[in-house]
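Asks: Structure below; questions to follow.
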Amino acid sequence: ALVAVSSTEAKDVRFFDTASAAMSAVVIATLGAPYFPAWSADGARLIVPTQVPDSVVVAEVATGNTLTSRTFAPGECTLPHEVTSATDGTMLYVVCEGDHLTPSVVLALDPITLETRASLPVGIYPDRLHVMGAR
């Protein structure tokens, strides 16, 4: 019953507890501006895309501690915007906004190592992704 709230100005993610109708004391601090994260299947981790630096951060929800992160190489994923998890948890998908002028990509990442499994070309300025089915 937590809602993750990304703050691009404060460069952190905070949690709203719907049961108590109050903000949690837990804060995930990020180096870049955080955007739209994904929850791990068990709800214990949050996977946060950040911009400048362009990266993904995996943090523990209970403590806010960063468990691992990955900064993308230049041109690999410009302006990561949203992370979505496959319904079976076997893949993470990262929407990369790109430069807003040329086609960009959606990256398929290993959910444990954050290594790129595939780079999927998409149109100019992709913004949102919804996964249906197992992969």
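Asks: Relative contact order of the stretch 5-44, please, whole-number percent, based on alpha carbon pairs below 8 angstrom and at least 6 residues apart.
Replies: Here the relative contact order equals 40 percent.
Asks: While we're here: Quick one: among A38, A25, A86, which has the greatest mean-square fluctuation in a GNM of the chain with alpha-carbon springs under 10 angstrom?
Replies: A25
Asks: Accessible area per residue of the stretch 65-135 at 1.4 Å probe, in Å²?
Replies: Values: 3940 Å² over 71 residues.
Per residue, the stretch 65-135 has an accessible area of 55 Å².
Asks: Leaving ligands and nucleic acids out of the surface, order E97, E60 by accessible area at 1.4 Å, largest first.
Replies: These residues rank, largest area first, as E60, E97.
Asks: If you roll a 1.4 angstrom probe over the protein chains with everything in place, what fraction of the accessible area of the chain belongs to carbon and sulfur, to the nearest %?
Replies: For the chain, the apolar C and S fraction of the accessible surface comes to 58 percent.
Asks: Springs between alpha-carbon pairs under 10 angstrom, Gaussian network model over the chain: which of T113, T66, T50 fluctuates most?
Replies: T113
Asks: For the chain, modelled as a GNM with alpha-carbon contacts under 10 angstrom, which of V27, V106, V13 fluctuates the most?
Replies: V27
Asks: Still on this structure, please answer the following. Treating only the Cβ atoms of Lys and Arg (+1) and Asp and Glu (-1) as charged, compute the dipole magnitude of the stretch 12-135 about its Cα centre; round to the nearest 20 debye.
Replies: 100 debye
Asks: Out of residues 5 or more away from V105 or on other chains, whose amide H comes under 5 Å of its own, with H placed 1.01 Å from N in the peptide plane?
Replies: HN-HN under 5 Å from V105: C96, V122.
The values are calculated or read from the model by the stated rules, or taken from the named source; none is laboratory data. Since the model is a prediction, treat every value here as computed from it, not as a measurement. Backbone-built Cβ (ideal geometry, glycine too); neighbour counts: all protein chains shown. Keep in mind that these areas ignore ligands, DNA and RNA; they rest on the heavy atoms of the full protein, side chains included. Shrake-Rupley method; radii C 1.70, N 1.55, O 1.52, S 1.80 Å.
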